[in-house]
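A short write-up of the structure that comes next.
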C-alpha cells in the first residue's frame, strides 16, 4: 500500500465525517507525488541526453581539430570578432527600442500638457495646477530618458560599426584560413545551440521538481496539522462528556440521600 493510500485509510478510519480539507490535501499530495516521480525520470533522461550529446560533440570537434589544425587557430580572431559584432548588433537594436519607448513617453506627456493648456483659460483651479505640475515633471523626466537613450544608442552604434569594420579586416586578411576552418566553427556553433537548449530543459525540470517537492511538503504539513486539530477536538469532546454528569445536582449522584437532603 502506498503512502497516499495509507494516509487516506487512516483518515477514513479515524474520521466519522471526512473533513473536506483532508480530501483536498490528499489530492495535492497525490498529484505532487506523481509530479515528483515524473520529473525525476524526465530529469534523469535529460541529463543522460546532455552527457551523450556533449561526448559526441567533443569527439566530433576533436576530429575536426586534427583535420584542420592550424587553420582553426589562425582564423580564431575573426570568429571571436564576429561573435562580439553579433552581440553589439543585438545591443544596438535594444538601444533603438529603448529610445523609441522613451520618446513615446515624452511625446505623450507633451501632448497631455498641450491639451490641458488649450482647455483652460483665466484662473487655473488648484487641482489643474497640480495636474499640470505633475505633467511637466513627467515631461522633464521623459526628456532626460530620451537624451540618455539617444546617447546610449549613439555609443552602441559606434561600437557596432567599429567591430564590424574589424570583422571585415580579419575576413580579408584571414580569408584562406576562415574558409578552411569554417566546417569546424559551424559544427561547434550547431552543437553549442543544441547543448544550450538541453541545459535550459534541465534547468526547467529542476525548477519544476523543486516546486513539486515544496507542494508535497506543504500538503504533508497541512495533513499533520488537520490531524492534530481533529484529535484535539475529540479529546475536548471526551473530556466534556466525562464532566457532564456532575454538572446537574442530584442527577446521577452516587448518594441518593444528597438529593433528598437538598429538598429539605
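The values are calculated or read from the model by the stated rules, or taken from the named source; none is laboratory data. Computed from a predicted model, the values in this text were never measured in an experiment. Note that we place each Cβ from the backbone using ideal geometry, even for glycine, and neighbour counts take in every protein chain shown.
In the set 109, 81, 116, only one residue is assigned to a helix (DSSP H, G or I), within 24 Å of residue 149 (Cα to Cα) and more than 32 Å from the chain's Cα centre (by Cα); that residue is 109. Among the residues of the stretch 154-170, some residue qualifies, meaning at least one is closer than 30 Å to residue 63 by Cβ and in contact (Cβ under 8 Å) with a residue 60 or more places away in the chain.
For residues that are more than 30 Å from residue 92 (Cβ to Cβ) and surrounded by 13 or more Cβ atoms within 10 Å (Cβ to Cβ), scanning just the stretch 135-154, find the one that is modelled with the highest pLDDT. Of everything passing the filter in the stretch 135-154, 136 is modelled with the highest pLDDT.
A quick yes/no check of all residues on (1) within 18 Å of the chain's Cα centre (by Cα); (2) farther than 24 Å from residue 68 by Cβ; (3) loosely packed, with under 11 Cβ neighbours inside 10 Å; (4) touching a residue at least 12 places away in the same chain (Cβ under 8 Å):
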{"site": "178", "(1), (2), (3), (4)": "no, no, no, yes"}
{"site": "184", "(1), (2), (3), (4)": "no, no, no, yes"}
{"site": "189", "(1), (2), (3), (4)": "no, no, no, no"}
{"site": "193", "(1), (2), (3), (4)": "no, no, yes, no"}
{"site": "202", "(1), (2), (3), (4)": "yes, yes, no, yes"}
{"site": "205", "(1), (2), (3), (4)": "yes, yes, no, yes"}
{"site": "209", "(1), (2), (3), (4)": "yes, yes, no, yes"}
{"site": "221", "(1), (2), (3), (4)": "no, yes, no, no"}
{"site": "238", "(1), (2), (3), (4)": "no, yes, yes, no"}
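Within the stretch 129-152, residues that are without any contact (Cβ under 8 Å) to a residue 24 or more places away in the chain reach partners that are part of a helix (DSSP H, G or I) with beta carbons closer than 8 Å, at six or more positions or on different chains, in the pairs 131/116; 132/113; 132/116; 132/117; 136/113. Please determine whether any residue of the stretch 95-104 is within 30 Å of residue 145 (Cβ to Cβ), in a loop (DSSP other than H, G, I, E, B) and free of Cβ contacts under 8 Å to residues at least 40 places away in the same chain. Scanning the stretch 95-104 turns up no residue that is within 30 Å of residue 145 (Cβ to Cβ), in a loop (DSSP other than H, G, I, E, B) and free of Cβ contacts under 8 Å to residues at least 40 places away in the same chain.
With the condition kept exactly as written, say whether any residue in the stretch 137-155 is part of a helix (DSSP H, G or I) and closer than 20 Å to residue 189 by Cβ. No, because not a single residue in the stretch 137-155 is part of a helix (DSSP H, G or I) and closer than 20 Å to residue 189 by Cβ.
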